[in-house]
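**Student:** My structure is below; once you've seen it, I'll send some questions.
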Amino acid sequence: MNLDKLMSKHLSRYLDPSKAIPEETLQQLLRFLRSAPTSTNIQPNHFYVLATPEGKERLANNLGDFDNGEKILRASHAIILTTRVDLPESHVEAVFSKERADGRFPDLAQQELRESMNSDFLGFLGLPRMYGDENMNHWMEKQTYMVLGMTLMAAAELGVEAMPLEGFDPVCVDEAFKIRETGYTATVLMLLGYPDPAKVYSNPISRFESDQLFTFR
Ligand SMILES: Cc1cc2nc3c(=O)[nH]c(=O)nc-3n(C[C@H](O)[C@H](O)[C@H](O)COP(=O)(O)O)c2cc1C
């Protein structure tokens, strides 16, 4: 990956509507979304992959009071990254049971130790004490952003432009795709495609200086 390029480039707001991502590249990115790590392996996400004009239009027309519609319609694909609204015991059990089926640990004793420690962390001894049961979505959305960040880098490696979008009303998107009913809510969008050459910014990016950002001790 060209790290210098990544550090000096603007996110493309406008993608080239005439260019679609090859299916194989899309599948690589989806595999990446699926395999990104999350804290305690909680995997709190479900992804809506909008590849059809109808799917993208549905999203573009249901953003609430935000004007990101055109950006979405110009993308090859739009992905809605959704996150669990709450963390029921059944979800934690599903993680443990998949880990067992996949042979995540070499022996049962280690798996059981892991389950006991993670249950403490995720249960009343740990996270809910810090966040409150009603705010566990906040913790899970942190995982979603890490998945997003890693996927932005994977897209760069694959030569695809990935554009994150927060400019939408989750209530409207949830409603349009019946997401809440599934126990999830829309967290952030990711558009995929190739930059529109007519709309590439060439002026420098603006970031705080290092001395404002780093403390060395
Ligand atoms: C998580 C995230 C969400 C963003 N959402 C939007 C958005 O909804 N609309 C938009 O025009 N830009 C959006 N951006 C782009 C940022 O505004 C942009 O990256 C930032 O202002 C820095 O500008 P630059 O990428 O041109 O350097 C988003 C960026 C990130 C990382």
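**Student:** All but one of (1) within 15 Å of A36 (Cβ to Cβ); (2) part of a helix (DSSP H, G or I) hold for E134, so report the exception by its number.
**Tutor:** Of the numbered conditions (1) within 15 Å of A36 (Cβ to Cβ); (2) part of a helix (DSSP H, G or I), the odd one out for E134 is (1).
Every residue, every condition in (1) in contact (Cβ under 8 Å) with a residue 40 or more places away in the chain; (2) buried (at least 17 other Cβ atoms within 10 Å of the Cβ); (3) part of a loop (DSSP other than H, G, I, E, B), yes or no:
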{"residue": "G167", "(1), (2), (3)": "yes, no, yes"}
{"residue": "E175", "(1), (2), (3)": "yes, no, no"}
{"residue": "L191", "(1), (2), (3)": "yes, yes, no"}
{"residue": "S202", "(1), (2), (3)": "no, no, yes"}
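**Student:** Can you name every residue in the range 1-40 that is within 16 Å of the ligand (Cβ to nearest atom), within 21 Å of I80 (Cβ to Cβ) and either open to solvent by less than 90 Å² (accessible area, probe 1.4 Å) or aromatic (F, W, Y) (or both)?
**Tutor:** Of everything in the range 1-40, those that are within 16 Å of the ligand (Cβ to nearest atom), within 21 Å of I80 (Cβ to Cβ) and either open to solvent by less than 90 Å² (accessible area, probe 1.4 Å) or aromatic (F, W, Y) (or both) turn out to be L11, S12, Y14, L15, L33, A36.
**Student:** Moving to a separate point now. With the requirement that a residue be without any contact (Cβ under 8 Å) to a residue 60 or more places away in the chain and touching a strand residue (DSSP E or B) at 6+ places or on another chain (Cβ under 7 Å), what does the range 31-85 give you?
**Tutor:** Listed by number, the residues that qualify are F47, V49, L50, A51, K56.
**Student:** Okay, moving on. Based on what the data block shows, is R207 away from the ligand (no atom under 16 Å from the Cβ) and part of a loop (DSSP other than H, G, I, E, B)?
**Tutor:** No; evaluated as a whole, the condition is false for this residue.
The values are calculated or read from the model by the stated rules, or taken from the named source; none is laboratory data. Because the structure is predicted, anything quoted here is derived from the model rather than measured. Please note: Cβ atoms are built from the backbone with ideal geometry, for glycine as well, and neighbour counts cover all protein chains shown. Keep in mind that these areas ignore ligands, DNA and RNA; they rest on the heavy atoms of the full protein, side chains included. Shrake-Rupley method; radii C 1.70, N 1.55, O 1.52, S 1.80 Å.
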